[in-house]
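Structure first, then comments.
The values are calculated or read from the model by the stated rules, or taken from the named source; none is laboratory data. Remember, it's a predicted structure, so these values are computed and weren't measured experimentally. No Cβ is skipped: glycine too gets one built from the backbone with ideal geometry, and neighbour counts run over all protein chains shown. Areas reflect the complete protein model, heavy atoms only, side chains present, ligands, DNA and RNA absent. Shrake-Rupley method; radii C 1.70, N 1.55, O 1.52, S 1.80 Å.
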Amino acid sequence: MQPFQFHGPASLVVGRGSVESLGTLVAGRLRVRRVFVVSDETLASAGLLDRVVGPLRAAGLEVAAWTGCVPEPPGEVVVAAVAAAREFGPDCVVGLGGGSNLDTAKLTALLLTHGGELSDYVGDSRVPGPVLPLVCVPTTAGTGSEVSPAAVYTDTARKIKVSCLSPFLRPALAVVDGSLTDRCPAKVAADAGIDALTHAVEAYTACGQAEFQARPGGATVYQGKNPLADLMASEAIRLVGRYLTRAVLTPSDTEARDGMALAGTLGGLAFSNAGVALVHAMEYPVGGAVHVSHGAGNGLLLPFVMRFNAGVRAAALGEIGAMLGAEATVDGAIHAVEELRTAVGIPTRLRDLGVTPAMLPSFADKAFAIGRLMRVNPRLPASPAEILAVYEAAY
Ligand SMILES: NC(=O)c1ccc[n+]([C@@H]2O[C@H](COP(=O)([O-])OP(=O)(O)OC[C@H]3O[C@@H](n4cnc5c(N)ncnc54)[C@H](O)[C@@H]3O)[C@@H](O)[C@H]2O)c1
Ligand SMILES: [Zn+2]
């Protein structure tokens with residue numbers, strides 16, 4: 001077997017009720033004193049902020065909470081979080097929320113530690129060293145940001161979502177408590193859940209390590225498919241197949257909520273080692289140009305990219321079909337994903353999102369330029385024209 005590496009957060013605590021031990025985990029393991037919590041008003045009103053701040057204060061920690069996060073965070077929001085954090089002077093940053101808040105927390109810790117502008121860190125491995133200890137507590141099930149080395153924000157001037165990727169952005173501690181997702185609205189649960197599926201499918205069908213290393217581009221945080229990432233991806237796919245529809249359609253189904261919380265984290269562990277590929281590259285320009293969430297954009301594009309990759313990943317896609325309880329063929333897998341997408345209300349056509357045909361060529365150019373994602377894709381698009389054809393199919 002070819003040697004491979006596997007990375008995650010330093011500590012991962014999973015399970016219903018685990019947030020109650022947050023204070024002792026943070027005080028005992030990280031040995032910090034002043035904690036800056038990054039979250040949003042919706043979660044504060046829903047009582048979830050108290051469920052985090054309470055245990056932290058009970059453990060004797062000084063806590064300041066900032067609730068200015070917004071979905072798909074613009075860079076300006078991160079700058080505001082950093083200004084508030086500087087006044088408090090924390091030695092630890094806790095993110096509470098969906099991927100948007102967790103990413104805002106990661107970028108806050110990054111700028112507090114190293115200064116500069118967000119754009120200094122966009123791309124792969126541009127963070128110069130460790131950041132303030134980061135703790136991530138997800139309230140949605142799917143993004144995997146709580147275990148990943150990525151932090152995404154919207155570059156409002158360029159109208160594109162961009163990502164800072166660095167091993168230093170992996171949290172020191174992730175606490176994944178499904179009970180925090182119990183009141184997650186159906187649309188948010190559907191979008192994040194289909195994102196988890198996209199992470200797992202992209203990781204499971206990623207190019208192999210040897211193939212990856214032979215491609216131009218140098219070292220990256222992603223390494224291509226490996227056996228441990230496959231294990232995590234397969235289980236994430238099975239869990240999404242079993243629980244996503246239940247979690248979205250029956251919000252009180254706590255078994256489904258817990259299953260999806262685990263699926264999101266497993267998908268995060270898989271993709272953050274193997275990599276994500278063409279679906280994510282194609283979603284970034286769409287998400288920057290029209291109002292669609294990351295998960296919904298990915299879910300829309302996923303079956304089209306599976307079709308694009310089918311010729312070089314027939315076996316893996318067949319396995320995915322079986323994991324989803326469908327026929328073990330390419331068509332079985334694609335139909336299962338399409339059915340799941342429809343069952344939870346993910347849009348199926350780009351034209352329904354306000355995308356116009358005139359936008360597609362520039363989307364294709366932008367996606368093609370995201371080399372770190374392109375090179376993970378099993379079928380390497382040779383030109384923007386090939387990607388344009390996938391956008392046209394999805395239009
Ligand atoms: N860093 C990574 O590795 C990574 C991976 C995938 C996605 N992302 C990013 O994550 C973002 C999407 O995150 P998301 O799908 O988790 O949604 P989100 O964080 O954008 O949240 C969407 C909305 O749901 C609300 N919400 C969240 N949890 C709730 C709860 N339990 N109860 C009630 N309301 C709740 C939030 O207040 C917010 O208004 C995108 O910006 C995407 O690019 C990052
Ligand atoms: Zn994603």
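Here are some notes:
- Extent along principal axes [Cα atoms of the chain; Å; largest to smallest]: 57, 47, 44
- Amide hydrogen proximity for A65: with H placed 1.01 Å from N in the peptide plane, the residues at 5 or more positions away or on another chain lying under 5 Å are V37.
- Probe 1.4 Å - accessible area at T156, Å² to nearest ten: 70 Å²
- Per residue, the convex hull spanned by the Cα atoms of the stretch 247-344 measures out at 113 cubic angstrom.
- Solvent-accessible area of L380, all protein chains in place: 80 Å² (probe radius 1.4 Å, heavy atoms, ligands and nucleic acids excluded).
- Square roots of five times the Cα gyration tensor eigenvalues for the stretch 137-176, Å: 22, 13, 6
- Solvent-accessible ranking of V19, V122, largest area first, probe 1.4 Å: V122, V19
- Using a probe of 1.4 Å, the accessible surface attributed to L111 totals some 10 Å² when neighbouring protein chains are kept in position.
- Accessible solvent surface per residue of the chain, calculated while the other protein chains remain in place, 1.4 angstrom probe, Å²: 36 Å²
- In a fully extended conformation the segment linking H335 and A314 would gain 6.1 nm over its present Cα-Cα distance, using 0.36 nm per residue.
- Taking θ as phi - 60° and the Karplus parameters 6.51, -1.76 and 1.60, the scalar couplings of the stretch 381-395 work out to x, 7, 7, x, 4, 5, 6, 4, 5, 5, 4, 5, 4, 7, 5 Hz in sequence order, x denoting glycine and proline.
- With Cα atoms, 0 to 90° folded angle of helix 99-114 axis to the chain main axis: 60 degrees
- In the chain, a dipole from Cβ-located charges (positive for Lys and Arg, negative for Asp and Glu) runs towards its positive end, and of I387, P361, L25 it is L25 whose Cα lies farthest in that direction.
- Comparing A214, A256, A343 in a Gaussian network model of the chain, where Cα atoms under 10 Å apart are tied by springs, the biggest mean-square fluctuation is seen for A214.
- Contact order normalised by residue count of the chain, Cα under 8 Å, 6+ apart, percent: 15 percent
- Share of carbon and sulfur in the accessible heavy-atom surface of the stretch 227-306 [1.4 Å probe, %]: 60 percent
- Think of each Lys and Arg Cβ as +1 and each Asp and Glu Cβ as -1; about the Cα centre, that makes the dipole of the chain roughly 460 debye.
- Once backbone amide H atoms are built at 1.01 Å from N, G95 has V38, V135, C136, V137 as its partners under 5 Å, excluding neighbours fewer than 5 places away on the same chain.
- Principal-axis tilt of helix 294-309 within the chain, Cα atoms, nearest 10 degrees: 30 degrees
- Rounded tilt (10° steps) of 186-204 against the dominant C-alpha axis of the chain: 60 degrees
- When all protein chains stay in place and ligands, DNA and RNA are ignored, the 1.4 Å accessible-area order of R242, R257, largest first, is R242, R257.
- Of the accessible area of the stretch 1-40, computed with a 1.4 Å probe over protein heavy atoms only, carbon and sulfur atoms account for 52 percent.
- Reciprocal mean inverse distance between Cα atoms of the stretch 327-395 - Kirkwood radius, Å: 13.7 Å
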